[in-house]
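Step one of this worksheet: look at the structure below.
The values are calculated or read from the model by the stated rules, or taken from the named source; none is laboratory data. The shown structure was predicted, so the numbers you read here are calculated from the model rather than taken from an experiment. Please note: Cβ atoms are built from the backbone with ideal geometry, for glycine as well, and neighbour counts cover all protein chains shown. Keep in mind that these areas ignore ligands, DNA and RNA; they rest on the heavy atoms of the full protein, side chains included. Shrake-Rupley method; radii C 1.70, N 1.55, O 1.52, S 1.80 Å.
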Amino acid sequence: MATYLVGDIHGCDKALHALLAEADFSPARDTLYSVGDLVARGPDSLAVLRYFYQLGESAKLVLGNHDLHLLAVANGIKPVKAKDKTQPIFDAPDADRLLNWQAQQPLIRDVPAPDGGFLLTHAGISPQWDKSTAVACAREVETILRSEDQVWLLENMYHDSPDQWDATLTGIARYRYIINSFTRMRFCSPDGRLDMQCKLPPDQALGSGLVPWFEVPNRQRLEQAVVFGHWAALNGTIQPKLYGLDTGCVWGGKLTLLRWEDKACFTVLAE
């Protein structure tokens, strides 16, 4: 019985199954966690969605920015982009079931695994949040996403501000900050303000005044490890209590799988 964590899949179904075979993953005994972005840009997002849906309780995931965008497209808020290659999802006979299931997924998971467990998110955790704040903020947005106000939230989430957390934030400003932190964050200024524009590797952003969110001075201490994806330019990063699993499969890189119990990593090249 093992716990596996996979990086951003982005519709790379063949690479996913090759990776799971290499690691000898079995849904009968193991659990597969995804850092989000199951869909978009890769060759078969529909197959990836169906696979995770069919795994039932053997699969656990969090929502990424591309997953939220898929829901926005499904609700007519944004058009289908040819480069996303997601039209087959909307044409599928089980589209409603898959999309409704996707909308039920969380923004963060607190997993009580060995070694103190881990917090699973797509982009990371705001440097200004402790664990209890992060979980509470995620639940606020998840509740709306699962309600009749889902469309309102998806219509209004596309904005880079506010860039600074304030517990007194209300309404859509509060929800935007929460969504951006969990699904889009990469760099911050040293005082913790989010920067939504820079996507470079950290060594190429020297002199910009920006630092990765996990290197912000005085970042709130988190007792558990954080497992995240989203930032392909990191090409994967493993530090004490920090596991970045996006290794750019859909961009010609590789797909990465981490077995939590012994921290063994498995990789396969892009399709």
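Before moving on, here are some points about what is shown:
- If the chain linking Ala113 and Ala21 were pulled fully straight, counting 0.36 nm for each residue of separation and taking away their Cα-Cα distance, it would gain 30.8 nm.
- Label positions at Gln164 and Lys241, each projected 7 Å from the Cα along the C-beta direction, are separated by 2.6 nm.
- In nm, spacing of pseudo-spin labels at Arg139 and Met1 (7 Å Cα→C-beta vector): 2.6 nm
- Working note: Karplus 6.51/-1.76/1.60 with θ = phi - 60° gives the range 249-263 the couplings 3, 6, 9, x, x, 9, 9, 10, 10, 10, 8, 5, 4, 10, 6 Hz, where Gly and Pro are set to x.
- Solvent exposure of the chain amounts to 42 Å² per residue of accessible area, where only protein heavy atoms count and the probe is 1.4 Å.
- Each label point was placed 7 Å from the Cα along the Cα-to-Cβ direction; for Arg221 and Gln104 their separation is 3.9 nm.
- Residues whose placed amide H lies under 5 Å from that of Phe118, excluding near-sequence neighbours: Val111, Ala113
- Calculated FRET value between Lys81 and Tyr53, using beta carbons and R₀ = 22 Å, to 0.05: 0.45
- Per-atom-type breakdown for the chain gives carbon and sulfur 49% of the accessible area (1.4 Å probe, protein chains only).
- Fluctuation leader among Asp94, Asp195, Asp163 - the chain, Gaussian network, Cα springs under 10 angstrom: Asp94
- GNM remark for the chain: springs join alpha carbons under 10 Å apart, and the peak mean-square fluctuation among Arg176, Arg146, Arg186 falls on Arg146.
- The range 107-122 residues near the modelled Lys263 label - backbone nitrogen below 16 Å, point 7 Å along Cα→Cβ: 113-119
- Highest to lowest packing among 121-128, 204-211, scored as the average C-beta count within 10 Å: 121-128, 204-211
- Peptides 101-110, 19-28 ordered by average Cβ neighbours within 10 Å, highest first: 101-110, 19-28
- In order through the range 205-214: 3J(HN,Hα) via Karplus (6.51 cos²θ - 1.76 cosθ + 1.60), integer Hz, x for Gly, Pro: 9, 4, x, 7, x, 9, 9, x, 3, 7
- Shape category assigned to the range 1-136 from the gyration tensor of Cα positions, a/c cut at 1.5: oblate
- Computed from backbone phi, the HN-Hα couplings of the range 31-44 come to 10, 10, 9, 10, 7, x, 6, 5, 10, 5, 5, x, x, 8 Hz, rounded to whole numbers (Karplus: 6.51 cos²θ - 1.76 cosθ + 1.60, θ = phi - 60°; Gly and Pro given as x).
- Where Cα atoms sit under 25 Å apart: lysine pairs in the chain separated by 8 or more or lying on different chains: 25
- Mean Cβ neighbour count within 10 Å, used as a protection proxy, ranking 72-83, 218-229 highest first: 218-229, 72-83
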